[in-house]
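K.L.:
So that we are looking at the same thing, I have put the structure below in structure tokens.
Readers should treat all values here as calculations from the given coordinates under stated rules, not as data from a laboratory. Since this is a predicted model, take the numbers as computed values, not measurements. We place every Cβ from the backbone using ideal geometry, glycine too, and count neighbours over all the protein chains shown.
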Amino acid sequence: SAPARIVNVSSAMHRSARLDLDDIQFERRRYSGTAAYGQSKLAVLAVTLEQAARLAGTGVTANAVHPGFVRTRLGEHDGLLRIAWRLGSPLMVSPEVGARTSVRVASADDLAGVTGRYFANGHPVSYSPIADDVAIRARLWAELEKLTLVPEAVGLRRRAPAVL
């Protein structure tokens, strides 16, 4: 029901990611935790923009956020990422600080009605042009419908592209 806000968590790592829609689950290429993480965060951003387009005019907004370099246990099982995590630990923010942008996007009065944006440090920022590619977003959405076994993604049928 509207008004409502969808806030998806992405990452700045989406910027250097490659989105391989022919091998989204790393079945044909060598698995890398870092590559999979980046690809997943690029996919989250692309899906968020697609959600925003599909929900245009409904009173439901969809935005993505980058929480920052948050002190979590995310990198402790991937070799290279584990090293980077340990070296970067002094630069990390607490989970509470990392949650601030998500909370702001979910609840701030001045962001009511704002949709199809990517936020960091509480403000909209630029993102990878790959996420803006309508054909890639549509193909990714279709692939996710197959993977999740949710045809038509609970009624979010593709409408005419919205200008965001």
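K.L.:
Quick one: which of 50-61, 35-46 comes out on top by average Cβ neighbours within 10 Å, and what's the full order, highest first?
P.N.:
35-46, 50-61
K.L.:
Taking θ as phi - 60°, what are the ³J(HN,Hα) couplings along segment 96-102 by the Karplus curve (6.51, -1.76, 1.60), each to the nearest whole Hz, with x for Gly and Pro?
P.N.:
Residue by residue, segment 96-102 yields 5, 5, x, 7, 4, 5, 4 Hz.
K.L.:
Just grab the label-to-label distance for GLU145 and ASP110, each label 7 Å out from Cα along the Cβ direction, in nm (one decimal).
P.N.:
3.9 nm
K.L.:
Hey, another quick one. To the nearest 0.05, what FRET efficiency results for SER94 and LEU21 with a Förster distance of 25 Å applied to their C-beta separation? Display every interim value, and only then the final one.
P.N.:
Details: r = 36 Å, r/R0 = 1.42.
Here the calculated transfer efficiency is 0.10.
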